[in-house]
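See below for the structure under consideration.
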């Protein structure tokens, strides 16, 4: 299982790559956006374990599932396509964009651990099928 610091480092690295990408598109409007991006990604990268704390045994349920990863990625794409490109000065959308990126980085990292991610996260037995 990946540790807290590892999730945090990966989330911050993802935010830096996204900042470089958005900067190349002219969608970064100042230093406050950079701070907001890194802070939001850091929070997002820790959020899955705050929602479902790892207390021994099996803790990966709905918020650690492939289904929720797909939902987060769809939200991420929506924010980029609909909000950031049409209203790039929207700090709230910008923060949610990076929080979703941090959250997705956490789930993708967990997907490559021996425990993997459950498919749905509702029922443990069904997720093993």
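The values are calculated or read from the model by the stated rules, or taken from the named source; none is laboratory data. In this text, all values refer to a predicted model and were calculated from it rather than measured experimentally. Every residue, glycine as well, gets a Cβ built from its backbone with ideal geometry; the counts of neighbours run over all protein chains shown.
In the set 40, 45, only one residue is modelled with pLDDT of 95 or more and under 19 Å from residue 2 (Cβ atoms); that residue is 45. Of the residues screened, residue 92 is not one that is in contact with a helix residue (DSSP H, G or I) (Cβ under 6 Å, 6 or more places away or on another chain) and assigned to a helix (DSSP H, G or I). Does the stretch 78-87 contain at least one residue that is in contact (Cβ under 8 Å) with a residue 40 or more places away in the chain and more than 22 Å from residue 115 (Cα to Cα)? Scanning the stretch 78-87 turns up at least one residue that is in contact (Cβ under 8 Å) with a residue 40 or more places away in the chain and more than 22 Å from residue 115 (Cα to Cα). Considering only residues that are farther than 23 Å from residue 5 by Cβ and buried (at least 19 other Cβ atoms within 10 Å of the Cβ), which ones fall in the stretch 69-79? Within the stretch 69-79, 76, 79 qualify. The set of residues in the stretch 87-127 being surrounded by 18 or more Cβ atoms within 10 Å (Cβ to Cβ), farther than 24 Å from residue 38 by Cα and modelled with pLDDT of 85 or more consists of 117, 118. The set of residues in the stretch 66-86 being at pLDDT below 90 and out of contact with any helix residue (DSSP H, G or I) (no Cβ under 7 Å at 6 or more places or on another chain) consists of 81, 82, 85, 86. Candidates in the stretch 28-38 are the residues that are within 17 Å of the chain's Cα centre (by Cα) and touching a residue at least 40 places away in the same chain (Cβ under 8 Å); of these, the one that is farthest from residue 90 (Cα to Cα) is 38. Filtered by the rule that a residue be crowded, with 18+ Cβ neighbours inside 10 Å and either free of Cβ contacts under 8 Å to residues at least 60 places away in the same chain or more than 11 Å from residue 88 (Cβ to Cβ) (or both), the stretch 13-27 gives 14, 15, 18, 19.
When 35, 19 are checked against the criterion of being at pLDDT 85 or above, farther than 17 Å from residue 2 by Cβ and out of contact with any helix residue (DSSP H, G or I) (no Cβ under 9 Å at 6 or more places or on another chain), a single residue qualifies: 35.
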